[in-house]
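Visitor: Here you go, one structure.
The values are calculated or read from the model by the stated rules, or taken from the named source; none is laboratory data. Remember, predicted model here, so these are calculated numbers, not experimental data. Note that each Cβ is placed from the backbone with ideal geometry, even for glycine, and that neighbours are counted across all protein chains shown.
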Amino acid sequence: MNGLEGVVAAETKLSMVDGEKGELVIAGYPVAELALNATFEETAHLLWYGTTDAADFRRDLAGRRALDPEALELLAAAARKGADPMDALRMAAGTLGGTSDDNAARNLLAAFPTIVAAYWRLLHGREPVAPRADLGHAANYLYMLTAELPGDQRVRGLETYLNTVVDHGLNASTFTARVIASTGSDFVSAVVGAVGALKGPLHGGAPGPALDMVFEIGQVARAEEVLRRKIAAGERLMGFGHRVYKVRDPRADVLAAAAERMLGPGNALYDLARGVEAVALRLLEEAKPGRRLQTNVEFYTALLLHGLGLEVPLFTPTFAISRAAGWIAHCFEQRRANRLIRPQSVYAGPRDLRWAATPA
């Protein structure tokens, strides 16, 4: 019962996670089939409306990317205080709105990359770059971060990542969004709540440490020495093991393929990561037989996002840019057959206490 383990709280057509078989199906598509081929706009349209005919949807989103001056002023103030990028995203997302659920949903999805990119530039003393309506969702995000047009391989690498992590069952942030939507509250409130849940390191904060571990090792020849020392000290090997998957996380294979394609054959960092992964899997099975601690999505997320030129503090906000589409899809689904989500708790405290009056 702790953590609602094994409790079914919703029926969904959005994604299916089978941890025993290592399967992830998104709106009927195996994750590799969707992630490696679709645009992000097609994926979001599929989750929200059930079809991939997203040309009009893409144009509409592109016209909603610009932030109001008040939101930019809020981000500038946050940057002066050095706020965490996830806090800045939460604050600026709260300024968005819409005349209907669908209108708010489109405003949120369109504005998330603009918020993250603008804040990152302000945080580093640079002016935000205005979005371009002629670029797709992924390409525009990279452009707003750097003020340079990204190459096709970088765009495809990011698009694959965004598609891969867009939805993943009833995880903590998605459940948060559905709970808020179930109260009849607006989609902006639901998504802002989800951002708060995602900020927690037990949900969205592990790709950075996974990359740090690879850099610490530096050479495949040192992997066994460093990893044995970590395991003996009781340290967790970041990027391995998952609460749901008892076999290899299928998203890891998709992102490994995307990283290899983007970085090119013979890339030193890619070869290092593959070597570290192989040694880690062998040592984990040796030290913890039967625990089935396999590679998870975080390991190759770190490699792919680093290869795209993103710094570690951008990893979780970039995840949010993708997962916002999934959160909103769950809000739509919750709306269609709504019942207030109101689980029960089991009281485990004392009974029959008597109040002692305070002496006069």
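Visitor: Return a yes/no flag: does segment 284-297 have any residue that is under 27 Å from Ile115 (Cβ atoms) and outside the structural domain of Gly136 (by TED's automatic domain parsing). Full working, then the answer.
Guide: Step one: list which residues in segment 284-297 are under 27 Å from Ile115 (Cβ atoms), which gives 297.
Restricting the remaining residues to those that are outside the structural domain of Gly136 (by TED's automatic domain parsing) gives 297.
Yes, there is a match, as at least one residue in segment 284-297 is under 27 Å from Ile115 (Cβ atoms) and outside the structural domain of Gly136 (by TED's automatic domain parsing).
Visitor: So which helices (runs of 4 or more DSSP H) are wholly in segment 1-73 and hold at least 2 residues that are closer than 20 Å to Ala177 by Cβ and of a type outside the set (Gly, Ala, Ser)?
Guide: Working: elements: 31-35, 40-49, 55-62.
Output list reads 40-49.
Visitor: Those residues that are touching a helix residue (DSSP H, G or I) at 6+ places or on another chain (Cβ under 9 Å) and assigned to a loop (DSSP other than H, G, I, E, B), I need them from segment 74-99; list them, please.
Guide: Result: Gly82, Ala83, Asp84, Gly94, Thr95, Leu96, Gly97, Gly98.
Visitor: Also, quick follow-up: Which of (1) in contact (Cβ under 8 Å) with a residue 24 or more places away in the chain; (2) assigned by TED's automatic domain parsing to the domain that holds Arg126 does Leu4 not meet, given it meets every other one?
Guide: Result: Leu4 fails condition (2) only.
Visitor: Determine whether segment 105-128 contains at least one residue that is over 24 Å from Gly196 (Cβ atoms), assigned to a helix (DSSP H, G or I) and free of Cβ contacts under 8 Å to residues at least 40 places away in the same chain.
Guide: no
Visitor: While we're on this one: What residue, of Asp60, Asp84, Asp102, is more than 17 Å from Pro313 (Cα to Cα), under 23 Å from the mean Cα position of the chain (by Cα) and surrounded by fewer than 17 Cβ atoms within 10 Å (Cβ to Cβ)? Show your work before the answer.
Guide: Values: Asp60 fails: under 23 Å from the mean Cα position of the chain (by Cα); Asp84 fails: more than 17 Å from Pro313 (Cα to Cα).
The match here is Asp102.
Visitor: Consider Gly50 carefully, then state whether it is surrounded by fewer than 17 Cβ atoms within 10 Å (Cβ to Cβ) and under 24 Å from Asp134 (Cβ atoms). First the steps, then the outcome.
Guide: On the way: surrounded by fewer than 17 Cβ atoms within 10 Å (Cβ to Cβ): yes; under 24 Å from Asp134 (Cβ atoms): no.
So Gly50 fails the test.
Visitor: Checking the conditions here, which among Arg229, Arg248, Arg243 is among the charged types (D, E, K, R), more than 23 Å from Leu46 (Cβ to Cβ), modelled with pLDDT of 90 or more and outside the structural domain of Thr99 (by TED's automatic domain parsing)? Steps first, answer last, please.
Guide: Details: Arg248 fails: modelled with pLDDT of 90 or more; Arg243 fails: modelled with pLDDT of 90 or more.
Just one listed residue meets the conditions, Arg229.
Visitor: Residues Ala77, Ala71, Ala66: which one is more than 21 Å from the chain's Cα centre (by Cα), surrounded by 17 or more Cβ atoms within 10 Å (Cβ to Cβ) and under 17 Å from Pro128 (Cα atoms)? Walk me through it before giving the result.
Guide: Numbers: Ala77 fails: surrounded by 17 or more Cβ atoms within 10 Å (Cβ to Cβ); Ala66 fails: surrounded by 17 or more Cβ atoms within 10 Å (Cβ to Cβ).
Going through Ala77, Ala71, Ala66 in turn, the sole match is Ala71.
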